[in-house]
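Some notes on the structure that comes next.
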Amino acid sequence: MKPTAVVIGAGIGGIGTAARLAKNGYSVTVLEKNDQPGGRCNQIVRDGYRFDIGPTLFLMPEVWEETFAALGEKLSDHLDLRRIDPTYKVRFEDGLQLELTSNIGEMQTQLEKVEKTAFTGFLNYIAEGSKHYKVSLEKFVGRNFYNIFEYFSPANLPLLFQLKALSKHYNNVSRFFKDERLKAAFTFQNMYLDLSPYDAPATYSLLQYTELAEGVWYPMGGMYAAIQALVKVAEKLGVKFIYNAPVKKLLVEGSRIEGAVVEDGRTFTADIFIGNADLPYIYDRLLPDRAEAKKLDKKLYTCSTIMFYWGVDRQYPQIAHHNVFLGGDYKASFDRIFKDHTLPAEPSFYIHAPARTDESAAPKGQDTLYVLVPVGHLDENGDQDWDAMVARARRKVLERLSKEMDIHDLENHIKLEIIHTPKIWKEKFNLAKGAAFGLSHSFWQVGYLRPHNRHAKYKNLYFAGASTHPGTGLPIVLLSARLTTERILKEMGTITEQNLVKAHVAAKA
Ligand SMILES: Cc1cc2nc3c(=O)[nH]c(=O)nc-3n(C[C@H](O)[C@H](O)[C@H](O)COP(=O)(O)OP(=O)(O)OC[C@H]3O[C@@H](n4cnc5c(N)ncnc54)[C@H](O)[C@@H]3O)c2cc1C
């Protein structure tokens with residue numbers, strides 16, 4: 001008889017783990033709270049406008065290729081990927097504009113206009129980012145740590161220094177650029193990991209390398225096309241998805257999970273359980289132990305976002321596919337978000353306009369605009385007036401578009417408006433504190449120090465997703481699915497270490 005698994009949540013981490021387990025001979029059922037898969041990587045289609053609600057940057061295509069290969073498929077048979085280059089248009093309040101691009105000549109012209117030595121700084125910075133990316137992926141992000149000695153092993157300790165894990169990113173970027181705007185242009189991406197560059201380890205220059213060298217991609221049909229492709233592959237492998245099935249409790253017996261009870265009373269039993277719903281939420285709401293839940297509550301969480309999804313009845317060609325607007329006082333704005341859990345006085349924001357690349361995102365001649373404004377996560381003890389913050393964020397976005405892009409009439413052309421606040425991230429996807437990206441990635445919350453992908457007490461409860469190892473972001477969560485599956489197969493005796501290596505080599509080939 002086949003071993004059985006129940007996965008709680010059909011986010012990318014849940015789908016990825018389910019498909020990999022099915023490929024390895026498991027009979028897998030996925031229980032999803034909502035009426036469709038994808039979790040944060042979801043979409044809204046209304047009145048001809050199609051919005052990806054969360055991720056918009058398809059990064060690290062090699063990780064996606066490995067996932068599909070491990071499932072016996074070819075990524076290019078499922079997704080039509082287009083490279084977006086320039087990656088972003090970055091705008092500063094003083095009028096400076098930069099187009100971040102993999103075109104080295106273009107970068108040189110733009111950077112030298114701002115600062116004479118900036119191009120040399122840029123080349124060195126990207127070279128360092130490349131080293132950080134490769135070493136991190138091989139030695140820290142792409143592997144499991146089964147004990148603290150493996151993590152802080154004599155072989156790994158020198159790497160922590162090589163990766164500048166103990167230096168601050170902002171201090172480090174100052175070695176390459178003097179101009180404050182350039183320092184901002186090459187560190188704001190830390191926001192995705194929910195770290196202020198003033199606190200983030202300098203290791204995270206790997207993000208800028210990934211975007212510029214490995215590329216920012218877009219799957220035609222939208223990011224949700226990637227979820228649909230993965231679900232199709234999982235179903236082909238026999239995975240059964242059950243929607244509108246919120247798990248309300250995990251039944252425990254000694255050191256094992258015996259079943260997952262759904263709101264309507266059905267109980268699903270299995271040999272193993274995989275929690276893909278946000279890990280702190282699972283500890284807090286589905287398991288009995290309070291002490292662990294309380295410890296997790298005290299950890300650092302990522303920021304949240306106010307989102308505007310606008311269906312617009314005309315197009316503004318001056319808006320590119322990816323647009324970043326950096327706000328006034330860079331340091332103060334991170335402090336407002338991460339320390340005060342609020343909206344900065346001059347908020348930075350990002351606009352996604354996918355119809356520039358993919359006409360199917362909006363009715364002909366019209367536009368689909370997604371505006372993401374980073375904001376603090378929900379704070380039970382704070383004084384957070386979300387209506388006021390939403391109104392201010394909206395006003396600031398419209399003001400900057402008017403002042404810097406000559407877009408004065410957008411408000412009159414918004415035919416459809418959907419707004420998401422941190423409360424919606426929490427209610428819709430059960431994200432602890434409405435933190436959009438899960439647990440933070442500070443030095444003390446990564447690697448072996450991040451909540452582990454197997455429960456310490458319940459030996460048949462595993463985790464895959466943004467708040468366990470290795471962390472957030474679609475490709476990193478796909479790695480989480482791979483690592484969790486490998487751990488399950490190893491611990492359940494379904495696969496030997498040697499077979500694992502063989503499987504990797506085969507998937508890579
Ligand atoms: C605004 C935003 C922008 C982002 N931009 C990018 C980007 O450009 N590129 C990138 O790579 N990443 C990006 N990310 C991060 C990325 O979306 C996440 O890291 C990733 O989607 C997390 O996947 P997951 O499987 O861990 O969790 P989730 O997507 O949260 O999936 C968990 C699933 O569990 C379900 N669930 C919860 N509770 C229960 C329950 N009790 N019973 C059953 N099911 C349950 C949820 O409904 C959900 O479907 C972004 C995220 C956000 C929010």
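None of the figures in this text is laboratory data; all of them are computed from the coordinates on show. Since this is a predicted model, take the numbers as computed values, not measurements. All Cβ positions, even for glycine, are placed from backbone atoms using ideal geometry, and neighbour counts span all protein chains on display.
What to note about this one:
- Hits in segment 1-18 - residues which are assigned to a loop (DSSP other than H, G, I, E, B), within 16 Å of the ligand (Cβ to nearest atom) and either on the phi < 0 side of the Ramachandran plot or basic (Lys, Arg) (or both): ALA10
- When GLU65, GLU93 are screened for being on the phi < 0 side of the Ramachandran plot, in contact with a Leu (Cβ under 9 Å, 6 or more places away or on another chain) and free of Cβ contacts under 8 Å to residues at least 60 places away in the same chain, only GLU65 passes.
- The set of residues in segment 178-208 that are within 19 Å of CYS303 (Cα to Cα) and of a type in the set (Val, Ile, Thr) contains only THR187.
- Restricting the first member to segment 130-144 and to residues that are within 12 Å of ALA165 (Cβ to Cβ) and in contact (Cβ under 8 Å) with a residue 60 or more places away in the chain, and the second to residues that are polar (S, T, N, Q) and surrounded by fewer than 19 Cβ atoms within 10 Å (Cβ to Cβ), the beta-carbon pairs closer than 8 Å and six or more apart or on different chains are PHE140/ASN156.
- Tally, over segment 422-466, of residues that are of a type in the set (Gly, Ala, Ser), at positive phi and either part of a loop (DSSP other than H, G, I, E, B) or in contact with a Ser or Thr (Cβ under 6 Å, 6 or more places away or on another chain) (or both): 3
- Members of segment 258-286 found to be outside any helix (DSSP H, G or I) and either within 15 Å of PRO451 (Cα to Cα) or among the acidic types (Asp, Glu) (or both), listed by number: GLU258, GLU263, ASP264, ASP271, ILE274, GLY275, ASN276, ALA277, ASP278
- Those residues of segment 19-41 which are of a type in the set (A, V, I, L, M, F, W, C), within 20 Å of PHE68 (Cβ to Cβ) and either within 11 Å of the ligand (Cβ to nearest atom) or without any contact (Cβ under 8 Å) to a residue 24 or more places away in the chain (or both), in sequence order: VAL30, CYS41
- Index of the failed condition, ASP340 passing every other in (1) touching a Phe, Trp or Tyr at 6+ places or on another chain (Cβ under 9 Å); (2) not in a helix (DSSP H, G or I): (1)
- For segment 393-421, the candidate set comprises residues that are away from the ligand (no atom under 13 Å from the Cβ) and part of a loop (DSSP other than H, G, I, E, B); within that set, the residue that is surrounded by the most Cβ atoms within 10 Å (Cβ to Cβ) is ILE407.
- Test: TYR209 is surrounded by fewer than 22 Cβ atoms within 10 Å (Cβ to Cβ), in contact (Cβ under 8 Å) with a residue 60 or more places away in the chain and closer than 28 Å to ASN453 by Cβ: yes
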